[in-house]
Amino acid sequence: MAFLGDCVIVFVSQMLFFAGGWLFFNRELFKHYEIRHISVQLIFSSTFALSITMFELIIFEIIDVLESSSRYFHWRLGLTLLLFMVTAVIPIYICHSVIHSISFFSDRWVRILTTFCWFVFLYGLWRIGEPFPLLSASHGIFTIEQGVSRISVIGVTVMAILSGFGAVNYPYTSMTYFIKPVSRNDIICLERRLALTVDMLTGKKRRIAISVYNHNKLHPTKPRIWEMLTSAVQRNTSNGEDINQLKQEVYGLEELLRSVFLELSSLKNMEERQRWSQTLKGKYFNVLGHFFSVYCVYKIFMCCINIIFDRVGRKDPVTRGLEIAIHWCGFDIDFAFWNQHISFLLVGCIVVTSIRGLLLTLTKFFYRISSSKSSNIIVLILGQIMGMYFCSSVLLMRMNMPAEYRVIITEVLGNSIQFNFYHRWFDVIFLVSALTTIIVLYLSRKPFRVDDSDLH
C-alpha cells in the first residue's frame, strides 16, 4: 500500500508538471503561431514533466519523502523514460518532420530515410564515447549508464556554454558601470547625419535613374545586350554624368548609412538602459550585477585552478561551510539538522534558477529563429536540448549534495560513470564560453565612429 501511495504522489506531481509544460507551450512559445501538430505539444510537455521529476526526486531524497525503494524505482523509471525520449522519440520525430517537409519524397521514402537518419544519430551518439572516458560496450549497450554517460556530454556542454555566457552577460547588462553616458545632443546629431546620408543617397540614385532614362531615350534602337556591354566602359553624355562613378558613390553611401544606423541604434539602446537604471528595478539589478560580477571572477579563477591542478571538489559547499563554522569558528550547532535544511534550500534554489534560466533562454532562442513553417521542428529541437540539459543537471548537482544524499544518484547512474570527468569538462567549456563572451562584449563596446568628413 505504501508503494501504491508513493506512485500516486509521483503520478499526480507529473501531471502537474505536464500541465505546466502544456501552458508554457501555449502561452509562451506558440502564442503567436497556430498549433499544427498536437503530437509536438505532447512530446514537449512530456519531456518537460520527466525533466522536472528528476529535480523533484532529488528534493524528496533530502527531505525523506517516499520510501527508499520507491524513490529508487521512480529514479530508474524516470531516467529510462527521459532517455527514451531524447534518444528515440524526439530524434525520430525531428527526422520525420524535416524529411516530410521535402515535397518530392513519397511516404515510403520518408519512412526509410527517417529510419536511416535515426541510426546515424545513434551511431554518432555512440561514437561520442571514443574521445572521452565513457563506458565501453562491456558495460552493456542499452543501459541507463550508457545513455546518461553519452547524453551528459552534450548536456554538460550546453549547460557550460549557457552558464559561461550568463555569468558574464548578466553583470554587463545589469551594472550601471558598463552603461556609457549618452546625451540627447549626441542622438540628435547622429539623427541629422542619418537624414543627410539618406538625402544624399536618394539624390544620387535619382541622378542615375534620370541618366539611364535619357540614355535609353536617345538610343532606342540598340539591343539591350549591347547596352549592358557598353554601359560599363562608356560615359553617358546626355547630362554629363558618369554613371559608374555615381554607382561607386552610392555603394559608399550605403555602407556609411548602415554604419550610422547601427551606431544610432546602439546610442538609443544605451539611452534606454540609462533611464532603466534610474528606476527601482534597475537599481536592484545593479546590486545583483555587482554580486554576480564577483561570482564570475571567482568562478573563472576556480575553473583555472581546477583545470591546471586537475582538482575536483570532494565535499559539497554546505558540508564544508558547516565544518568551518563548527571547527574553526566554534559554533555549537546541530550538524545533521542544518545540513539537511540548508541542503534543501540550496538544491531548491538551484532547481528554480535552472528551470527559470533554461525556459527564458529557450523562449528567446525560439522567437529569434522560428517561423510559421519551422516552429514545430524548432520546438522539438528545444525539447531535445531541454531533456539533455536536465539529465546532465542531475549528474552535476550530485556534487552539491551531502554524501548521504548522493548514494541514490550513484546507485541509479552506476558506480562506473566518471563523475569527475564531467565536472572537469564543465570547467573547461565554462572557461572558454566566459572568456569568449568577455572578448565579444569588449569588441562590441567599440562601435564604428562616423566623422563629419565621411559625409563629404
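The values are calculated or read from the model by the stated rules, or taken from the named source; none is laboratory data. Quick caveat: nothing in here was measured; it's all calculated off a predicted structure. Every residue, glycine among them, receives a Cβ derived from its backbone with ideal geometry; neighbour counts consider all protein chains shown. Ligands, DNA and RNA are excluded from the accessible area calculation, which covers all protein heavy atoms including side chains. Shrake-Rupley method; radii C 1.70, N 1.55, O 1.52, S 1.80 Å.
May I ask you to rank 6, 332, 310 by accessible area, largest first, using a 1.4 Å probe over the protein chains only?
The ranking, largest first, comes out as 332, 310, 6.
Please list the non-local residues whose amide H lies under 5 Å from the amide H of residue 418, H modeled 1.01 Å from N, same-chain partners needing a gap of 5 or more.
For residue 418, no residues qualify.
Got a sec to turn the phi values of segment 60-68 into Karplus ³J(HN,Hα) couplings, 6.51 cos²θ - 1.76 cosθ + 1.60 with θ = phi - 60°, whole Hz, x for Gly and Pro?
Going residue by residue, I get 4, 5, 6, 8, 6, 9, 6, 6, 4 Hz, with x marking Gly and Pro.
Below 15 angstrom from the Cβ of residue 421, what's the summed charge of the other residues (Lys, Arg +1; Asp, Glu -1)?
0
Rounded, prolate or oblate: which fits segment 93-203 when a ≥ b ≥ c are the square roots of the eigenvalues of the alpha-carbon gyration tensor, with rounded for a/c under 1.5 and prolate only if a/b beats b/c?
Judged from the Cα gyration tensor, segment 93-203 comes out oblate (a/c at least 1.5, b/c at or above a/b).
Can you tell me which of 175-187, 87-99, 428-440, 251-263 comes out highest on packing, and rank the rest after it, using the mean Cβ neighbours within 10 Å?
Highest-to-lowest ranking by the protection proxy: 87-99, 428-440, 251-263, 175-187.
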